[in-house]
Every structure is written in structure tokens, then in C-alpha cells.
Amino acid sequence: MLDTEPIALAGLYVCGITPYDATHIGHAATYLAFDTLIRLWLDAGYDVSYVQNVTDVDDPLLARATAIGVDWRDLAAGQIELFRGDMQALGLVPPDHYVAVTDIVIPVAHAVRRLLDIGIAYRLGEDVYFDSAAAGAASPWHLGQVSQLDRATMLALAAERGGDPEREGKRDPLDPMLWMGARPGEPFWPSELGDGRPGWHIECSIIAQDFLDIPMTVAGGGRDLTFPHHEFTAAHTAALAGRDHALAHVHAGLVSYRGEKMSKSLGNLVFVSTLTAGGVDPRAIRLAILAQHYRTDWEWTDDVLTLAEARLASWERWATETGEGSDILSPLRDALADDLDTPAAVAAVDARIASGAVATPVDLAAIHALLGISLR
Ligand code: 5CA
Ligand code: ZN
């Protein structure tokens, strides 16, 4: 709320959805963490450039489309629309650039061609892989820089999260695919590499480089993306741009439900749209998530929501009458400046109400600007 010129430009990239089975509470929690960061930056007078991708062609999306007998493009389009509606209902600041992988296939092919030319990529059949060892020697990145994991853990996670460490012929089992040659019955694009489609990590590297100054301020996503996705996204950018991908990588904790990580593959999902269609106030969903610290893993339960609904009702009662007095702006700013401590921010409002203090117009504006909750 400074009245001077913006003091800096903060660049943020948050990994977007793969558009099937959106939007569950885990997605919402991750995007809300970064929404809080954006609100804090804007309040501090920073200019913010916010980019999000959408992985609108990928193996699990194609598998789902086949399983339910719809065209993959129609599945993606419908899910993207649902996701954007859910984000709007939750009051999230929309990205300045929302970029689909299907819109950047040609620039990806060109970048992969360059990596082949400079010896940081190699062909395996019709596919192209990233050479981790060559990149480690020739760029500011080294394996483990982002994830800080040991090799055994990396191998296990690569197998679990879209990698193919078992494939014969790779220079390093961890090397990720940059370009997938056309597979029978799957979508492909003609390119200077032949027919095919982008690998996963290069998608986010190219979109980030196209829309943000590198190194960006913060690269973000859920904790499940630490390895291999953010490790190799950063590696690709370093190999292509000669610079670090981001000043900081920030990962939101994972939301579980009924004892396991909420995930499309497990199917234990709680959808934002199901809750709102059932009459739940989206502000209560927002408050339920804000009451958790973004970095901690946590479990969604009925009680978490019930508590948030009661809290929203209490805040609304408090807001019906305003008067003069000290306000809550600086306690909220302090809480969020301390590693986005939203539970402390929420508790500060609760404490203010419990103390019998009257709501001020500045209180309501601060709660709206920093926590994204409109009480009027
Ligand atoms: N399209 C890729 C990123 S490039 C992807 O991971 N898509 S996703 O749909 O699976 O996830 C979208 C975002 O939600 C990612 O940032 C992911 O880390 C986050 N996410 C997924 N599941 C959870 C969960 N259970 N809790 C918290 N965040 C989650
Ligand atoms: Zn990503």
C-alpha cells in the first residue's frame, strides 16, 4: 500500500494443472499459498509478473481421455474451464500469462534442437533425452541442486513420477525425456526434430523463459514436484540460458484425505466444485486452507471445513458494524512476512474479535487485500 513507484518486479511461475480431475483441495491449497505470496508482494509495492502453465497434453491426460471415451482436447478444455471457475470462486489473483503446452510445441522443438547441437541432449530412437552429466559440466546447474536428494531417492522418485529409469540405452537412468517421438494413436506435432511432442520438464522451462526474466524470483508448485520436475526444469533452463532458473524454489505441503495424498491416481479427491455446488461458501474453503501452514503436509477433514465455516460466521458478525480504533494491518503483515504464516494471521483476527475490539474499515480492507476474504 505504498504510494511510490513499484520498487521491484517479482517474477513468479507456479506449475499449473494437468487438466483432468481438477480442481481438488490439494490444487487449491498450492495455488492459494502462492496467491498469498502475491498479495504480500503487491502490498509491499512490488510489481508482480505471474505465469502458470497448463499441461494440456501428457500421458495421464491421454490415458484418461481414452478410458472415458472422449477426445483429449475436449477433456482438457472442459477441465481448464472448471479449474478457472474454481480459482475465481476462491478469489485467487489470476496469472498474467496462462500458457498451454500445446501452444509452445515449436519453440520447445527448437530449444531441444539447440541442446542436441551443443551436446547436452542425445537421441534414443525417435525420442530425445537430456544428458544430465553433460549439463552438470557445462552449465550453472548440477544434479541435486534443487532437490538436495541422494541418488537412490532420486531413482525411486523418477520411477514414481513420470520418469523412465528402467529404459535401456540411456546415458544416465535419471536423464529425462525432452522430446517424445510420435507414438501410434497419440497426438504429435511435425517439427524440426520430426513428429512428436514435448517432454514434461522442458515445457515449464521454455514457458518460464518466454514470459519471465531469468532467474525468476520464485518457482513454485506442490512438494511432489521437487524431483524430478523442478530439478530438471531448472537444469534445462541453465543449459539453455546459462543462468539459474530461479532465485528460490518454493514448495507447498501436500494435502491428504483419508490417510493418503489427495491425488488423481489414487482417486481420493475432494473437489472444490462439489463443495460449492453443495452450498459451501468458497470463503470458508479459503479460510480452511489458510488455517494450515503452506509448508506443512496436512489432512482435509470435515472438521477442518466445519471450523472454517464457524470462523467465517464469526468474522462476518464482527464485520457488520465498524468503528474507529487501532487496526490489524501490521499484525497481518508481520504474520505473512514470516514465511507466509497464514495460521498466525487467522489467529490474529480471531484474537482481535475475542478481545471485543470493534472492526475498523482498515481491518476489513486488510483482511480483503492480504487474506483475500471479503466480509462485506
Ligand atoms: N502439470 C503438472 C505441473 S507442470 C502437475 O503437476 N499437474 S497436477 O495437476 O498434477 O498438479 C497441479 C499442481 O497442484 C502442482 O503444483 C502440484 O504440485 C499440486 N498438487 C497436486 N496434488 C496436490 C496435493 N495433494 N496437495 C497439494 N498440492 C498438490
Ligand atoms: Zn511444471
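Quick rundown of the values:
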{"quantity": "Yes/no for Leu40 being crowded, with 17+ Cβ neighbours inside 10 Å and in contact with a helix residue (DSSP H, G or I) (Cβ under 6 Å, 6 or more places away or on another chain)", "calculated": "yes"}
{"quantity": "Inter-residue pairs, beta-carbon under 6 Å, first within 21 Å of Ala67 (Cβ to Cβ) and in the same structural domain as Arg73 (by TED's automatic domain parsing) and in the stretch 18-36, second of a type in the set (S, T, N, Q) and more than 16 Å from ligand 2 (Cβ to nearest atom), 6+ apart", "calculated": "Pro19/Gln79; Tyr20/Gln79; Ala22/Gln79"}
{"quantity": "Residues that are over 24 Å from Ser374 (Cβ atoms) and part of a helix (DSSP H, G or I), drawn from the stretch 257-303", "calculated": "Asp302, Asp303"}
{"quantity": "Residue identified as touching a residue at least 40 places away in the same chain (Cβ under 8 Å) and open to solvent by 60 Å² or more (accessible area, probe 1.4 Å) among Asp47, Asp56", "calculated": "Asp47"}
{"quantity": "Qualifying residues in the stretch 202-224 (those that are in contact with a strand residue (DSSP E or B) (Cβ under 8 Å, 6 or more places away or on another chain), of a type outside the set (Val, Ile, Thr) and in a helix (DSSP H, G or I)) - the one farthest from Val105 (Cα to Cα)", "calculated": "Arg223"}
{"quantity": "Residues that are open to solvent by 70 Å² or more (accessible area, probe 1.4 Å), of a type outside the set (Lys, Arg) and within 18 Å of Ala208 (Cα to Cα), drawn from the stretch 98-121", "calculated": "Asp103, Ile106, His110"}
{"quantity": "Any strands (runs of 3 or more DSSP E) falling wholly within the stretch 90-185 and containing at least 1 residues that are of a type outside the set (D, E, K, R) and more than 29 Å from Ile80 (Cβ to Cβ)", "calculated": "121-124, 127-130"}
{"quantity": "Close pairs from the stretch 307-326: first more than 14 Å from Ala357 (Cβ to Cβ), partner assigned to a loop (DSSP other than H, G, I, E, B) and open to solvent by less than 80 Å² (accessible area, probe 1.4 Å), Cβ under 7 Å, at least 6 apart", "calculated": "Ala308/Ala291; Leu312/Asp281; Glu316/Leu375"}
{"quantity": "Flag for Ile373 being of a type in the set (A, V, I, L, M), at pLDDT 95 or above, outside any helix (DSSP H, G or I) and surrounded by 14 or more Cβ atoms within 10 Å (Cβ to Cβ)", "calculated": "yes"}
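The values are calculated or read from the model by the stated rules, or taken from the named source; none is laboratory data. The model shown is predicted, which means the values in this text are computed figures rather than measured ones. Methodologically, a virtual Cβ is constructed for each residue, glycine included, from the backbone with ideal geometry; neighbour enumeration extends over all protein chains shown. Ligands, DNA and RNA are excluded from the accessible area calculation, which covers all protein heavy atoms including side chains. Shrake-Rupley method; radii C 1.70, N 1.55, O 1.52, S 1.80 Å.
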